[in-house]
1. Given 69, 81, which one is modelled with pLDDT under 95, within 27 Å of residue 124 (Cβ to Cβ) and part of a loop (DSSP other than H, G, I, E, B)?
2. Working only within region 127-165, note down all residues that are polar (S, T, N, Q) and either modelled with pLDDT of 95 or more or surrounded by 13 or more Cβ atoms within 10 Å (Cβ to Cβ) (or both).
3. Could you go through region 24-34 and let me know if any residue there is free of Cβ contacts under 8 Å to residues at least 24 places away in the same chain and hydrophobic (A, V, I, L, M, F, W, C).
4. Just to verify a result, which residue in region 26-56, among those that are hydroxyl-bearing (Ser, Thr, Tyr) and within 21 Å of residue 120 (Cβ to Cβ), is surrounded by the fewest Cβ atoms within 10 Å (Cβ to Cβ)?
5. Just to be sure before I move on: is residue 21 of a type in the set (Ser, Thr, Tyr) and in contact with a strand residue (DSSP E or B) (Cβ under 9 Å, 6 or more places away or on another chain) in the structure I sent?
6. Just checking, which of 114, 128, 106, 141 is touching a Cys at 6+ places or on another chain (Cβ under 6 Å) and farther than 24 Å from residue 43 by Cα?
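The values are calculated or read from the model by the stated rules, or taken from the named source; none is laboratory data. The model shown is predicted, which means the values in this text are computed figures rather than measured ones. With ideal geometry, Cβ positions are generated from the backbone for all residues, glycine too; neighbour counts draw on all protein chains shown.
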Amino acid sequence: MMKVINAEIKAMCSDLERIRSILLEKKADFKGMDHQVDTYFRTGSGRLKLREGNIENNLIWYQRPDQTEPRTSRCILHKTEKGNHLKDILERAMGVMVVVDKQREIYFIDNIKIHLDRVKGLGTFLEIEAQGEAGGLAEEILHRQCRKLMDEFGIRTHDLVSGSYSDLLLK
């Protein structure tokens, strides 16, 4: 189990190729393309999702404000194995709220994780997550890193999305 703090944004992005070019220019570390299915469960607080992919498999609880500007997200991640019965147990115990199906390109620049997402039923998006472990890098540094990349990618305020993909699908 790992406790993580992120400064993050999500933005609609119609030109993933331009972002990909900037990432190549910056020599970002490409981790691969992952088909991810995130199953969101009903909870009393925060959000709980089970991520099933080829690269990333985690049970993730997180809490963050729904706002467009860079926001602080507090997460607890628990690595899971593909093909276990955890999903079935959580479905029966908590009920499924929504399922998010996406193709995700995963890049890293130091501690900053960048996602280029094609989300079924929603379109194309860019996410920036400046990551630190709880008690590690100060929140203000993570926010500065996030804003710097937003500027470099040319992300405009009206492109920013306040909620999660689950919120968008539920609307």
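1. Numbers: 81 fails: within 27 Å of residue 124 (Cβ to Cβ).
Matching residue, one of 69, 81: 69.
2. The initial filter retains those residues of region 127-165 that are polar (S, T, N, Q), namely 131, 145, 157, 162, 164.
Hits for region 127-165 are 131, 145, 162, 164.
3. Yes: region 24-34 contains one or more residues that are free of Cβ contacts under 8 Å to residues at least 24 places away in the same chain and hydrophobic (A, V, I, L, M, F, W, C).
4. Our first condition is that a residue be hydroxyl-bearing (Ser, Thr, Tyr); within region 26-56, this holds for 39-40, 43, 45.
Going one step further and asking which of them are within 21 Å of residue 120 (Cβ to Cβ), we end up with 39-40.
Working: 39: 19, 40: 22.
Filtering first and then ranking leaves 39.
5. Numbers: of a type in the set (Ser, Thr, Tyr): yes; in contact with a strand residue (DSSP E or B) (Cβ under 9 Å, 6 or more places away or on another chain): no.
No.
6. Working: 114 fails: touching a Cys at 6+ places or on another chain (Cβ under 6 Å); 106 fails: touching a Cys at 6+ places or on another chain (Cβ under 6 Å); 141 fails: touching a Cys at 6+ places or on another chain (Cβ under 6 Å).
Sole residue among the options that is touching a Cys at 6+ places or on another chain (Cβ under 6 Å) and farther than 24 Å from residue 43 by Cα: 128.
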